[in-house]
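These notes concern the structure reproduced below.
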Amino acid sequence: MADRYLHFTGTAPGRFLTRRLGLPQPAPLRRWSPGTPTLDGPLLHLTAGDSTVTEELSALLAATGLDVTERVERIERAERPAGIVLDATAVVTPGGLAGVHAALHPVVRSLAPGGRVVVLGVRPSADDHHQAAAQQALEGFVRSLGKEIGRGATVQLLRIDPEGVAGAESTLRFLLSPRSAYISGQVIELTAAAPAPVADWAAPLAGRTALVTGAARGIGASVASVLARDGARVICLDVPQTGDELARTADALGATALPLDITADDAAQRIAAAVPDGLDVLVHNAGITRDRRLANMPADRWASVLDVNLDSVLRTTDALLAAGTVHRGGRIVATASIAGIAGNNGQTNYAASKAGIIGLVRALAPRAAADHGVTVNAVAPGFIETKMTAAVPLLIREAGRRMNSLGQGGLPVDVAETTAWFAQPASTAVNGQVVRVCGQSLLGA
Ligand SMILES: NC(=O)c1ccc[n+]([C@@H]2O[C@H](COP(=O)([O-])OP(=O)(O)OC[C@H]3O[C@@H](n4cnc5c(N)ncnc54)[C@H](O)[C@@H]3O)[C@@H](O)[C@H]2O)c1
């Protein structure tokens with residue numbers, strides 16, 4: 001179901017009317033497409049306090065090929081920045097936060113539509129409560145700026161490890177590009193792990209094998225398509241009943257179709273048999289809903305949702321890691337949901353399964369990295385325009401679309417781009433993260 005309101009507010013009479021009536025005016029979001037610039041203008045690199053990583057960060061930003069400037073005068077001479085990176089890693093006292101205000105206050109209004117703001121911080125200290133107060137303050141700051149900035153711009157807090165700035169490159173490239181169009185108000189924390197070298201940023205998954213579950217349609221089909229675009233050999237798994245749809249999706253991508261119910265007892269063995277040379281990227285996307293309020297929910301609706309969305313993810317992950325099917329340097333990406341964070345009326349089963357995914361990711365990530373050299377992360381989609389959400393009653397659907405900072409639903413490609421960023425060899429430092437792809441939804445903020 002197309003978002004007619006978004007289309008209407010993009011027309012001149014629509015803009016006029018919605019402004020007069022004080023209705024939301026969502027800005028059309030620019031997604032990545034070949035040949036278009038990553039940022040439509042310069043990237044402003046600012047610093048609050050005496051950062052120890054300035055030089056390393058400057059070199060990293062220069063390597064991205066973006067038009068980086070540290071000179072605010074350039075902005076005052078009417079060249080609007082399309083991105084701002086504010087290095088706030090040196091803010092260790094609440095007094096130091098004045099430097100954040102001083103850096104951004106003069107330039108935030110001039111940010112181009114669809115601009116990107118990334119504030120760099122560090123993990124709040126467990127021993128120094130002044131540092132912890134200052135660094136945690138950045139979270140409230142970023143989430144508030146995300147809500148007020150408007151015009152399709154996004155704001156994130158990226159906590160880096162000062163010993164591992166190089167590990168931030170894939171994440172900065174992602175956050176400063178149209179690939180992260182539907183992500184805002186997020187806090188992402190990187191480890192110190194060194195990234196694998198990148199031969200070609202345009203095809204980061206070249207030579208890699210990826211398997212996507214639930215790939216016949218919707219978000220899974222888009223994930224398969226984006227991973228293939230990035231160079232991966234893709235296996236599309238879905239239930240045998242999806243027959244033609246699965247075959248068509250796989251054929252269009254030059255991918256292999258694997259008709260298989262992920263809840264089958266031998267699912268992991270059949271996956272391993274389908275990839276005799278092993279796997280680099282395992283995307284657990286298959287998911288179902290069987291909504292009812294708890295008082296009306298029969299045990300079978302409860303069990304099927306838990307089985308598809310959570311138990312099968314645990315079983316196949318454990319078996320494929322234990323068998324060594326997922327290579328060192330591999331990536332596991334699971335699918336949570338904002339329902340798993342905020343809860344949702346009629347979705348005790350679904351929200352429990354998706355919250356379970358978050359628990360799985362956080363607990364397994366450090367161990368999988370230590371024991372297998374594999375990262376484990378999750379996407380948590382908000383309202384994404386798919387068949388699943390087209391079936392939602394009109395008023396609830398409209399609320400889902402508008403109740404976020406970007407005032408619209410996301411597209412399957414937004415989840416797919418996030419998955420592709422997790423999947424990159426250069427994303428070794430991204431581990432144990434649950435990144436919401438929800439336009440900064442008000443739910444479970
Ligand atoms: N669409 C949204 O707004 C939204 C929001 C939050 C989370 N999600 C999650 O994103 C994922 C994809 O959602 P979607 O909207 O594309 O849904 P969808 O229903 O369009 O696609 C899900 C796919 O998973 C497959 N599948 C279901 N059970 C399976 C099984 N046992 N084995 C193998 N494949 C199975 C289905 O056949 C289908 O092709 C799901 O995990 C969903 O919970 C979606």
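Given an 8 Å cut-off on Cα distances and at least 6 residues of separation, report the relative contact order of segment 209-437 as a percent.
Relative contact order here is 21 percent.
For Thr54 and Asp200, what is the calculated FRET efficiency with R₀ set at 22 Å and r taken between the beta-carbons, to the nearest 0.05?
It comes out at approximately 0.20.
Students often check this: by mean Cβ neighbours within 10 Å, which of 104-112, 214-222, 124-132, 173-181 ranks highest, and how do the rest follow?
214-222, 173-181, 104-112, 124-132
Using only Cα atoms and rounding to the nearest 10 degrees, what angle (0 to 90) does helix 312-322 make with the longest principal axis of the chain?
Roughly 90 degrees, rounded to the nearest 10.
Between 0 and 90 degrees, rounded to the nearest ten: what's the tilt of helix 54-63 against the longest Cα principal axis of the chain?
Once rounded, the angle reads 60 degrees.
Under the definition of Cα pairs under 8 Å and six or more residues apart, what whole-number percent is the relative contact order of the chain?
Over the chain, the number comes to 15 percent.
Taking only Cα atoms, what is the 0 to 90° angle, nearest 10, from helix 243-253's long axis to the longest principal axis of the chain?
Helix 243-253 sits roughly 40 degrees off the main axis of the chain.
To the nearest 0.05, what FRET efficiency results for Asn345 and Thr93 with a Förster distance of 35 Å applied to their C-beta separation?
For Asn345 and Thr93, the calculated efficiency is 0.20.
If you average 1/r over all unlike Cα pairs in the chain and invert the result, what Kirkwood radius do you get in angstrom?
22.5 Å
Every number here is computed from the coordinates shown, using simple stated rules; none is lab data. Just so you know, these numbers come straight off a predicted model, no measurement behind them. Neighbour counts run over all protein chains shown; Cβ positions are idealised from the backbone, glycine included.
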